[in-house]
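So the structure is just underneath, and the comments pick up after that.
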Amino acid sequence: MKINSDFMWSIYLIGVAALFFYFGNLLAVSATEEKFSRKMGEIEEELQVLKKQNQQLSEELTSRGIYSYPQANIVTTKNDSLTSVLITLNGQSPLKDLMLKRNHIYNYSGIEAEESDKKIQLKKTSYLGTLKTHNPAGFEITMKEKEAAVKLEYKSDNDQWTQHIRVRKTSDNKPTTFWVITNKNDEVIDKHVDKGFPTEEDGSILLWKDKKIWYSKIEMNSTFRL
């Protein structure tokens, strides 16, 4: 769900270009003033619709508090054991004094939810500074195991977000991810699952040994805790 105003304005501009291209072709085959005026009116109406849709989306993102937030993704794997995680800004407004608390647990599918706090292999807090669109941050985790549960807690000024990540290797040893990002009220603001992410026989995603979820049932603004 990587939706931002730049993307929507790009769609808007492409739509404008397409409409005027069509309009130009129309002029080549039509010389009547009536058709000219009618098409001008139709084009103006469609432009107004595009503008309204873009404005509505921007207002929706802002009202939901998700116009800018951090998002981590796995970008590369070295020697099948070291995985790089890149944190980027999803949105336009920079996040100042961004702090990151992270922990991860290997072989989470054999651990029950209530035991998870006792099984954490790594806890670390990092200061990431100001996160900007063209200034990402990152870290690396060892991935000698087939799976890992990673929890990232971000904080910037009065805002905070949590990203729950599950990393699982496929049969050809390729790491794939499932993740959910929530705001400070534990409400879902973003979610993602890689194509080919290993699931259970019933299509569910295993979160812990005794807990699973269906990706399609994770709704935006719903409460999500692990």
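The values are calculated or read from the model by the stated rules, or taken from the named source; none is laboratory data. This structure is a prediction, so every number in the text was calculated from the model and none was measured. Reconstructed Cβ throughout: ideal geometry from the backbone, glycine too, with neighbour counts over all protein chains shown. For the accessible areas, the whole protein counts, side chains as well, though only heavy atoms, and no ligand, DNA or RNA atoms are used. Shrake-Rupley method; radii C 1.70, N 1.55, O 1.52, S 1.80 Å.
The listed residues H164, H192 rank as H192, H164 when sorted by accessible area, largest first, using a 1.4 Å probe. Put simply, the Cα atoms of the stretch 129-168 extend 35, 21, 13 Å along their principal axes, the longest span coming first. A protection proxy built from the mean count of other Cβ atoms within 10 Å ranks the segments 197-210, 91-104, 141-154, most packed first, as 141-154, 91-104, 197-210.
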